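This report refers to the structure that appears directly beneath it.
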Amino acid sequence: MKGKAQFPIIDGKKICNKCLVEKPISEFPKKERGDSYKADCKRCSVARSLAARAKKPEYYKERQKQYQKRVKLEALNAYGGPFCACCGESNVFFLTLDHINNDGAEHRKTMPAGSSTYRWLKNNGYPAGLRVLCYNCNCGRHANGGVCPHELEGATTIPQGSTAKRLEAPGTPMG
Ligand SMILES: [Zn+2]
Ligand SMILES: [Zn+2]
Ligand SMILES: [Zn+2]
């Protein structure tokens, strides 16, 4: 591949192809490979990527969505697979991670909330104590005192007036 023609580096300075201003070489981004520098200065490079983003907001939004889905899917796979451990729901958008021992409050002190959770888990080697549940089962479980209503449906005798029916504040499902 032929590189774009650019101004030579003289005395540690270079002229930007875009704004044509002479700047110190530290003002130019390095190429991904090798020790050479890009033709446009940092300021122009940033301006260009912002302009590209503004031109195609849908494209970048979609790319961001795909990235988040991929990170989430990786985390779900690390915790048993992309399906609800209770009802088997397999639509990734319905799935979240659940703290098996209800120690979510403890955990969440160190874990960031929202979609960055999945990235955090990855960076921390997917610590144990979580499992995949759908939002339904996650909320149902917390609202039903730690037992998903599905589990009671499946039981032969429904424990009438059991403590499991006691209502608790639902936990906040993650991203
Ligand atoms: Zn420039
Ligand atoms: Zn479920
Ligand atoms: Zn369930």
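Laid out as a table, the results:
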quantity	calculated
Net charge of neighbours whose Cβ lies under 12 Å from the Cβ of Ala85, counting Lys and Arg as +1 and Asp and Glu as -1	-1
Cα→Cβ-extended label distance, 7 Å offset, between Arg43 and Tyr60, nm	2.0 nm
Inter-label distance for Arg70 and Gln6, nm, one decimal - labels placed 7 Å from Cα along Cα-to-Cβ	2.6 nm
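Each reported figure results from applying straightforward, stated rules to the coordinates on display, with no laboratory input. From a predicted model like this one, the values you see are computed outputs, not experimental measurements. Cβ atoms come from the backbone with ideal geometry, glycine included; neighbour counts cover every protein chain shown.
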